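Report on the following structure.
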Amino acid sequence: MEYILYVDESNSEGPYYSNFYGGILVRSIDLEYVERVLENKKLEVGINSEIKWQRVSKQYLDRYKALVDTLFDLLEQDLVKIRIMFTHNFTEPIDLTMKQRKNEFLLLYYQFMKHAFGLTYSNESNETVNLRIYFDELPVNNRDSDEFKEYIYNLQYTSDFSEAGIKIKKEEITEIDSKQHVLLQYMDIVLGSMYFRLNRFHKIVPEGKSRRGNRTIAKEKLYKQINRRIRGIYPNFNIGVSTGTQGDIRNRWNHPYRHWSFKSSNEKRNKNYPNK
């Protein structure tokens with residue numbers, strides 16, 4: 001068995017929530033079928049270029065809604081899994097070293113990779129599970145990128161990953177261009193929508209205008225479609241908090257879709273957090 005994991009980050013900072021990370025996972029036996037379904041839907045709705053949250057507009061809203069429905073159909077069939085992680089700006093970590101502050105982006109990314117998908121609960125057999133990882137191009141220098149990938153490679157030697165029989169080969173930790181990978185493109189729509197809604201960008205009225213722009217309205221409508229489909233899977237879904245396990249820790253893996261509001265073990269109230 002092999003899992004293929006595509007991961008990316010969105011905007012690092014927002015007025016209310018920051019440090020957005022997203023991933024989409026597919027089993028190797030399902031990869032060809034899933035990619036074909038997603039590519040065919042793009043062609044069916046008349047989109048030949050890369051799909052991205054930033055390209056959502058009034059003109060393309062119905063097309064993007066169709067793409068979202070296709071993605072969530074696959075989620076409901078347990079053919080793919082999606083995880084989103086972020087931090088709430090209401091609090092901020094304290095007692096961090098200078099090195100930790102400098103490397104915050106990669107340290108959080110590591111936590112996302114280690115915990116978000118509940119990989120250590122994914123394998124109840126005695127067989128080895130190989131994990132192949134595709135990062136969208138990391139926005140760091142080569143030295144930091146190589147060091148980060150080494151940490152990811154060494155996850156397999158932690159007790160939890162080792163006991164779960166999860167293996168990672170160095171050559172299968174790769175940076176990619178999202179233009180060439182349809183799974184990453186679809187995940188970008190979901191990740192972007194969460195950054196948009198949690199940071200209340202759906203309420204923005206352009207300076208000098210009395211109403212919201214058409215693009216903003218279209219994005220809000222697409223977010224609502226995504227939220228509706230998530231609630232079809234997880235009726236008690238709350239966008240701004242970590243998704244519960246419903247009394248079974250294995251649901252960290254079993255659930256098709258989950259959010260993780262990451263909290264530092266040592267934090268304080270952020271005095272710069274906006275009151276409104």
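In table form, for the structure just shown:
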| read-out | value |
| --- | --- |
| Odd one out for THR174 among (1) of a type outside the set (Phe, Trp, Tyr); (2) at pLDDT below 95; (3) exposed (fewer than 15 other Cβ atoms within 10 Å of the Cβ); (4) under 18 Å from the mean Cα position of the chain (by Cα) | (2) |
| Lone qualifier among THR70, THR87 - being of a type in the set (S, T, N, Q) and at pLDDT below 95 | THR87 |
| Unique match (being in contact with a Lys or Arg (Cβ under 8 Å, 6 or more places away or on another chain) and among the hydroxyl-bearing types (Ser, Thr, Tyr)) among TYR195, TYR223 | TYR223 |
| Filter result (touching a residue at least 60 places away in the same chain (Cβ under 8 Å), touching a Ser or Thr at 6+ places or on another chain (Cβ under 7 Å) and among the small types (Gly, Ala, Ser)) within segment 220-262 | GLY240, SER261 |
| Those residues of segment 181-219 which are free of Cβ contacts under 8 Å to residues at least 40 places away in the same chain and either of a type in the set (A, V, I, L, M) or touching a helix residue (DSSP H, G or I) at 6+ places or on another chain (Cβ under 6 Å) (or both), in sequence order | HIS202, ILE204, VAL205 |
| Any hit, segment 140-159, residues being surrounded by 14 or more Cβ atoms within 10 Å (Cβ to Cβ) and within 26 Å of ASP73 (Cβ to Cβ) | no |
| Single unsatisfied condition, THR216 versus (1) in contact with a Gly (Cβ under 8 Å, 6 or more places away or on another chain); (2) part of a helix (DSSP H, G or I) | (1) |
| Selection from segment 60-92 of residues that are among the basic types (Lys, Arg) and either in contact with a Lys or Arg (Cβ under 7 Å, 6 or more places away or on another chain) or farther than 21 Å from GLU44 by Cα (or both) | LYS81, ARG83 |
| Which listed residue, of THR243, THR216, is among the β-branched types (Val, Ile, Thr), touching a Lys or Arg at 6+ places or on another chain (Cβ under 6 Å) and at pLDDT 95 or above | THR243 |
| Qualifying residue in segment 54-76 (condition: touching a residue at least 40 places away in the same chain (Cβ under 8 Å), surrounded by fewer than 17 Cβ atoms within 10 Å (Cβ to Cβ), in contact with a Gly (Cβ under 8 Å, 6 or more places away or on another chain) and assigned to a loop (DSSP other than H, G, I, E, B)) | no |
| Which listed residue, of GLY208, GLY192, is of a type in the set (Gly, Ala, Ser) and surrounded by fewer than 12 Cβ atoms within 10 Å (Cβ to Cβ) | GLY208 |
| Which numbered condition TRP53 misses (of (1) of a type outside the set (D, E, K, R); (2) at pLDDT 95 or above; (3) on the phi > 0 side of the Ramachandran plot) | (3) |
| Filter result (surrounded by 17 or more Cβ atoms within 10 Å (Cβ to Cβ), modelled with pLDDT of 95 or more and in a loop (DSSP other than H, G, I, E, B)) within segment 1-50 | ILE47 |
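The values are calculated or read from the model by the stated rules, or taken from the named source; none is laboratory data. If you're wondering where the values come from, they're calculated on a predicted model, not measured in any experiment. Cβ atoms come from the backbone with ideal geometry, glycine included; neighbour counts cover every protein chain shown.
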